[in-house]
Amino acid sequence: MTQKYYEFFCPVKVIAGKSALEHIPYELTGLAAKRPMIVTDKGVRAAGLLDPVIAACEESGLEIVTIYDDVPPDSSTTVVRDIAGIYRQEKCDSIIAVGGGSAIDTGKAVNILVSEGGDDIAKYSGAGVIKHPLKPFFVVPTTAGTGSEVTSVAVITDEAKGVKLPFTSSFLLPNAAIIDPRMTLTLPPHITAATAMDAMTHAVEAFTCMAKNPLSDAYATAAVKKVSRSLLSVMDNPKDVDGRLELAQASTMAGIAFSNSMVGLVHALGHATGAICHLPHGLCMSLYLPYVLEYNLETIREPLGDLLLSLEGPEVFSATPAARRAEASISALRKLRDQLHKRCQLPRTLKETGKVSEDQRNQIAEMALDDGAIMFNPKEVSLEDARAVLQRAWA
Amino acid sequence: MLAKRIQPMVSQARRLYVELMFQVMGRALQAVSEVDDAVKKETQALPAGFLFEMMVMPNGPRLIVEHTGLGRLHYHGASAPRPVDLSIQFKHIAHAFLVLSFQEKTAVAFANDRMLVDGDISYAVRMTRVLNRLESFILPKLIAERAVKEYPSNLHLPHKLISAVRIYLKVATNFVETVRA
Ligand SMILES: [Fe+2]
C-alpha cells in the first residue's frame, strides 16, 4: 500500500488574458455585488493602473463606490481597521484589491473584519479561526511574482505589539483573480526580474520540497517553463504583451503550486534576510536559489533533474545524461541570473547587494532556523548548515 | 463480518498505543531536556512557562509539557494547568498512530497535512526539531532513520548509548514516581 498522501485545493476562478479586466462587472454581478470598494496603494494609482479597472466597471454601469489608495508596503492593523471603517460608512458590499502582496493581504484582512464584524483584526489571527465564507473579493495583481491571489494566507503587522500577525483560512481566497497583461506592462526592469524570480523560486521549491504532490507538480513545471521562456524576452522588450501575460500566469500557477506544497530553505533564508537587511523578497529568492539547491542536491537529485526539461527545453534535456541533469538545472538557473544581472544588476551574491554586512549573516542564519518554511525543506537544516549556505552565497 | 468485530479492537489498541507513546514521549522530553545540550539550546529560546501540547482531534489523547526555564521541560501528563501556547494537533488517531509508530516522519506528517499547528509557527519548528532529536535518541538507529528527516551525524554510538541509557533511566524513574504518587 502506498505511503503517499496529499491534499490539493484551489477554488479561485482565474480570469486571464486580453481584456480580462472587462469581466469584473459581470463577475461581481454574478455574486450579487453592486457596491465594490477598491483597495490599492499610491504607486498603483500613480502608474495609472486603476484607470482601466474603473473604466471597465463604469462602462457596465457599475460604480466603484470608494477607493482606498494608501496601503503601505507593510500593512498594519490600523490600516485594516481604517479601511473597514470606510467600507462600512460607504455601505460597500465587495472588495477589489489591486496591487502587489501588501494590497492583496490588506484586502484579505479587511474582508475578515467587514464580514465577521468588530474592529480588532488580531482576534482573527491564526489558523482556522474563520468559519464562514466572507464578502465577494476580487484580486487584480499588478506584479507577477507573489502569487498572493491564490494563497489562503495574509500577514498584517500589529504596530503596537511589534509583531506580524498571520491569518490562514481558505475563506481568505478571493472569488476570482483577474490576470490582465495591462497591469504588469509598466513594471520597471528590476522589479520584473525580481518578482519573476520569486515565482520561479515558488515553483522550484514546490517541486523539490517535502510536500510536493502530482497536482502541484503540474503547476510548478508549467510555471518554470513559462518563466524560463519569457523572462529574458520581456526584459529586452518590456512592452511584449504576450510575454507579460506568460509571466503573470506563471506567477499565479507557481502560487497555486506552492500554496499546496509549501516552500523551503530559500524562503526561510529570504524571509530572514528581508527582515534584517530590508532587501526585497524577490531579490533574496533569486540570490539564494542556486546555493540552496546545491545544499539540497543529493536529496532532490531526481526532481531537480526532471526540471531541466522545463528550464532548458527538450533538446538540452535529452542531450544531458540523466546523472548530470540536476547539476544542469542549477547551471541553467545560474545562467538566467547572470543574464538578469547584466540587464538590471539583480544581485547574485550577498556582497553584490551592498546591504548585508558579514556579521548580519549569523543573525540571518538564526532567524531562518525559526522560519516555518524550513520545516518543509527536504534536508534537515542545522545552524551550521544555514551558516555554510550563507557563506557560499556571500561572494 | 469478522472485520466488524475486529475493528473496535484495532482502534482500541491504536488508542492505547498512542496514549502510551504520549506518556513515554512526555517523560522522555523532560529527561532529554535535562541531559542533551542540543535540545537545551532549542528549548532555551522558548519563554518560561511556555506550554506545548500534542493532541489528537477532537478530544483524543494528549501530552503536555511546560518549559520551566533554562531549557528544562516538565511533563504535565494529559492536562494543562492553563491554556496552551502551542498545540500540534493530529487530525485523526490513525495519523497519530502512523507518526508515533514511526511509519511516517514528523516532518512528512506536517507536509502531508496529517496535523495542524495552532500557535507560533517558529515555536512549532523548534519543537519539531526537539522531537526529531528525541526520536533519534530513544530509538534504535534503523527505526530512528525512518522517523526523522536526517539522523544527526553528531550522535555517535557511545554518546548515544550513554545518553539513551540515561534517558531510559530517567523515564523509568519518572514512571515509578508517577505510579507512587
Ligand atoms: Fe516568495
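Give the residue, chosen from A:PRO314, A:PRO290, that is more than 18 Å from A:GLU380 (Cα to Cα) and of a type outside the set (A, V, I, L, M, F, W, C).
Working: A:PRO290 fails: more than 18 Å from A:GLU380 (Cα to Cα).
The match here is A:PRO314.
Just a yes or no: is a residue in region A:220-238 outside any helix (DSSP H, G or I) and either at pLDDT 95 or above or within 13 Å of the ligand (Cβ to nearest atom) (or both)?
Restricting attention to region A:220-238, the residues satisfying the condition of being outside any helix (DSSP H, G or I) are A:237-238.
Narrowing the set further to residues that are either at pLDDT 95 or above or within 13 Å of the ligand (Cβ to nearest atom) (or both) leaves A:237-238.
Yes, region A:220-238 contains a residue that is outside any helix (DSSP H, G or I) and either at pLDDT 95 or above or within 13 Å of the ligand (Cβ to nearest atom) (or both).
On the basis of being among the β-branched types (Val, Ile, Thr), within 14 Å of chain B (Cβ to nearest Cβ) and more than 16 Å from the ligand (Cβ to nearest atom), does A:VAL129 make the cut? Reasoning before the result, please.
Numbers: among the β-branched types (Val, Ile, Thr): yes; within 14 Å of chain B (Cβ to nearest Cβ): yes; more than 16 Å from the ligand (Cβ to nearest atom): yes.
Yes.
Looking only at residues that are more than 14 Å from the ligand (Cβ to nearest atom) and among the β-branched types (Val, Ile, Thr) in region A:137-168, which one is farthest from A:LEU31 (Cα to Cα)?
Taking region A:137-168 first, the residues more than 14 Å from the ligand (Cβ to nearest atom) are A:137-140, A:142, A:152, A:154, A:156-168.
Adding the requirement that they be among the β-branched types (Val, Ile, Thr) leaves A:139-140, A:142, A:156-157, A:163, A:168.
Values: A:VAL139: 15, A:VAL140: 17, A:THR142: 24, A:ILE156: 27, A:THR157: 31, A:VAL163: 35, A:THR168: 23 Å.
Among those residues, the one meeting the criterion is A:VAL163.
State all residues of region A:1-38 that are polar (S, T, N, Q) and within 24 Å of the chain's Cα centre (by Cα); if no residue qualifies, say none.
A:SER19
Is one or more of the residues making up region B:109-117 buried (at least 22 other Cβ atoms within 10 Å of the Cβ), within 7 Å of another protein chain (Cβ to nearest Cβ), among the hydrophobic types (A, V, I, L, M, F, W, C) and in a helix (DSSP H, G or I)?
yes
Suppose we filter A:TYR6, A:TYR26 for residues that are within 14 Å of chain B (Cβ to nearest Cβ) and on the phi < 0 side of the Ramachandran plot; which single one remains?
Unique residue meeting the criteria: A:TYR6.
With the requirement that a residue be within 20 Å of A:THR184 (Cβ to Cβ) and in a strand (DSSP E or B), what does region A:67-76 give you? Write out each step before concluding.
Initially, region A:67-76 is screened for residues within 20 Å of A:THR184 (Cβ to Cβ), giving A:69, A:71, A:73.
Those that are within 20 Å of A:THR184 (Cβ to Cβ) and in a strand (DSSP E or B): none in region A:67-76.
I want to confirm something. Restricting to region A:350-378 and keeping residues that are more than 26 Å from B:VAL108 (Cα to Cα) and β-branched (Val, Ile, Thr), which single residue is nearest to the other protein chains (Cβ to nearest Cβ)?
Ranking the qualifying residues of region A:350-378, first place goes to A:VAL356.
Give the residues of region A:77-99 that are outside any loop (DSSP other than H, G, I, E, B) and surrounded by fewer than 21 Cβ atoms within 10 Å (Cβ to Cβ), sorted by residue number.
A:THR78, A:ARG81, A:ASP82, A:GLY85, A:ILE86, A:ARG88, A:GLN89
Please return the ranges of helices (runs of 4 or more DSSP H) entirely within region A:264-363 where 2 or more residues are charged (D, E, K, R) and crowded, with 16+ Cβ neighbours inside 10 Å.
A:281-312, A:325-344
Kindly establish whether A:LEU333 is away from chain B (no Cβ under 14 Å), over 18 Å from the mean Cα position of the chain (by Cα), within 30 Å of A:PRO188 (Cα to Cα) and within 16 Å of the ligand (Cβ to nearest atom).
So A:LEU333 passes the test.
Which of the helices (runs of 4 or more DSSP H) contained wholly in region A:1-66 include at least 3 residues that are farther than 20 Å from A:GLY100 by Cα?
A:24-30, A:50-58
The values are calculated or read from the model by the stated rules, or taken from the named source; none is laboratory data. Just so it is clear, the model here is predicted, and its values are computed rather than measured. Cβ sites come from the backbone with ideal geometry, for glycine too, and all protein chains shown count toward neighbours.
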